[in-house]
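The values are calculated or read from the model by the stated rules, or taken from the named source; none is laboratory data. Remember, predicted model here, so these are calculated numbers, not experimental data. Every residue, glycine as well, gets a Cβ built from its backbone with ideal geometry; the counts of neighbours run over all protein chains shown.
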Amino acid sequence: MEKDFDKGQESVYSNKVRAGRRRTYFFDVRQTKGEDYYVTLTESTRKFNGDGYSRHKIFLYKEDFNRFLEGLNDAVNHVKTELMPDYDYEQFDRRQEEWERAKELEAANAENNPAPEEAAASEPESESTSDIIESDEDMDW
């Protein structure tokens, strides 16, 4: 069982970063009882079997902010400039933008079109799937 050490501490600021289909990062600023602040970094990954999420959390305190950022920037820049200088890192930004646009279109279409079960209730019955599929070959995608 995962122990949540900051349970009960509400975020005073939160930023969510989607990273692909299964992974999301949360950056939360929380306040201590002594009116001090710290940051929690949480990686949330959807489990392959679809049974919930796996979470990993880092607590970052103000005295470590500068060293943490320096270390993170150093490691990322080393990969970008020394290990993989020719890699197109912006492809992920473009892919994310495309995904967000597709989600927005999907939401807009859902508002303009009734749900499939609502549409089916208002339309006359049609052939069933078993009537349409003539062989297993028809199921090859």
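Listing for the model above:
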read-out: When residues of region 33-87 are limited to those that are β-branched (Val, Ile, Thr) and under 15 Å from the mean Cα position of the chain (by Cα), the one modelled with the highest pLDDT; value: Thr42
read-out: Single residue of region 33-80 satisfying the filter (in a helix (DSSP H, G or I) and in contact (Cβ under 8 Å) with a residue 24 or more places away in the chain) that is surrounded by the fewest Cβ atoms within 10 Å (Cβ to Cβ); value: Lys62
read-out: Some residue of region 65-86 being within 30 Å of Gln9 (Cα to Cα) and charged (D, E, K, R); value: yes
read-out: Residue in region 11-32 that is surrounded by fewer than 11 Cβ atoms within 10 Å (Cβ to Cβ), more than 14 Å from the chain's Cα centre (by Cα) and charged (D, E, K, R) present; value: no
read-out: Test: residue in region 94-116 that is at pLDDT below 80, more than 30 Å from Glu10 (Cα to Cα) and assigned to a helix (DSSP H, G or I); value: yes
read-out: Residues that are among the β-branched types (Val, Ile, Thr) and within 30 Å of Arg101 (Cα to Cα), drawn from region 6-38; value: Val12, Val17, Thr24, Val29
read-out: Contacts under 9 angstrom Cβ, first residue in region 86-98 being closer than 16 Å to Arg23 by Cα and touching a residue at least 24 places away in the same chain (Cβ under 8 Å), partner charged (D, E, K, R) and not in a helix (DSSP H, G or I), 6 or more apart; value: Gln96/Arg18
